Structure formats: C-alpha cells, structure tokens
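No lab work stands behind these numbers, since they all come straight from the coordinates. Nothing here was measured: the structure is a model prediction, and the numbers come from that model. Backbone-built Cβ (ideal geometry, glycine too); neighbour counts: all protein chains shown.
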Amino acid sequence: MTATTDLHAPVARAAVRALPAYVAGRRALGPQVAPLASNENPFDPIPSVRAAVAVAALRLNRYPDPSALALRERIAAHAGVTTDEVAVGPGSSAVLQQVLTAFCDPGDEVVHAWRSFEAYPLLSRLAGAVPVGVPLDEGQAHDLDAMAAAVTDRTRVVLLCTPNNPTGVALRNDDVERFLAKVPAH
C-alpha cells in the first residue's frame, strides 16, 4: 500500500482538508514594483536591518526567548500598554491563529468584515469557530454598526483590519472606540 491509501496513515482533520489550496501572490514586476498583497518590498534591506540580521546570525545555535519578552516590552512601552497586551509571532496570520486557538471552542463565532483579509474565515474554521462575515459598507469600509449587531453570545473574537485588506480603507480611532463601547465585554 502507498502512503495515500494506507489505512494506518495519519489523516488531517476535516477542517484542514476543507481548506482551499494556497495561491501565491504575483511575483515582483520589476526592480521598483512589488505586489503589496504579498508583503514584499522592492528595495533592498537598509543597512541597519542587514547589521541586525548579521548579529542575530551569530546566535542561530541558541533557542530564542519563546515569549519574546524584550520585544514585547519595547512594543508595550511604545504603544503605552502592558507587556501582557502584546502578542508577537512570525506574521499576523500566526498571531491570529494563536488568538483564535486560545479563545474559540468549536461552534464559537468570529465576527469580521467581508471582504477583508482572506485568512479570517480560514483560520476561524481551523480553530473550529464559525466565521461571521459582515459586508463592507458602500465606501468599502467596515460597517461597524452592522458588525456590532452581528455579535452574539457565541462571539468570542471580533476582527478589525486597518487599513482593510484589500480595500485599503482605514478605521478612525473614534469610530473604533464607539464600536468597542457597543460590543459586550465577552
């Protein structure tokens, strides 16, 4: 028997098997043009970044601090929050997956704008949660009133994307504060 037909081979969870295949973004279109949706920069790393990478390379034989405490302390100080309010990881999708795994049980809801970051419904389903996509308003922005109305007793996470991906519309701080005042603490 081959690995694909072996009855004793591991089988991914149904939520994983149901994920669509990943389609990579377009490649760079030239030295000065990069597809922003792929989070690429057409410019070479600046000298300070190259120097930091060179120094870090000297420590590749050691485990990093799993809590990234020094980084979280610097971010917290800059943002005026506590270190416990800062989550870091290898990209926003990984951090989001950690948050959803920590807060969502099967059947819980994750409210998010739609159209927005493609990973929201996928990562919600992987966590066993139900993605609740709320259509954008006529200006292609988050409809915060509709999102607040979509929150139920089963909602565990609400995702706000600013600037929204892919429309680029940013949320205003006062609008977010009004939204948060409408959303239950849970």
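Descriptive notes on the structure:
- Charged-residue dipole, Cβ positions (Lys, Arg, Asp, Glu), the chain about Cα centre, Debye nearest 20: 660 debye
- The relative contact order of the chain comes to 14 percent, based on Cα pairs under 8 Å that sit 6 or more residues apart.
- Fully extended contour minus Cα-Cα distance, from His78 to Ser48, at 0.36 nm per residue: 8.8 nm
- Extension gain, Thr167 to Ala102, is 20.5 nm, computed as 0.36 nm per intervening residue step minus the present C-alpha separation.
- Kirkwood analysis of region 33-186, using all unique Cα-Cα pairs, places the hydrodynamic radius at 17.8 Å.
- Gyration tensor (alpha-carbon) shape descriptor, region 104-186, a/c threshold 1.5: oblate
- Max mean-square fluctuation residue, GNM over the chain, Cα-Cα springs under 10 Å, options Ala54, Ala146, Ala79: Ala54
- Neighbour count of at most 15 Cβ within 10 Å plus DSSP loop: longest chymotrypsin sites (Phe, Trp or Tyr not before Pro)-free window in the chain: 44-186
- Think of the chain as a dipole: +1 on every Lys or Arg Cβ, -1 on every Asp or Glu Cβ, centred on the Cα centre; then among Ala52, Ala102, Ala15, Ala52 lies furthest on the positive end.
- Where a label projected 7 Å from the Cα of Asp175 along Cα→Cβ would reach, residues of region 110-129 with amide N under 16 Å: 112-117
- Where labels lie 7 Å past Cα in the beta-carbon direction, separation of Ser92 and Ala70 in nm: 2.7 nm
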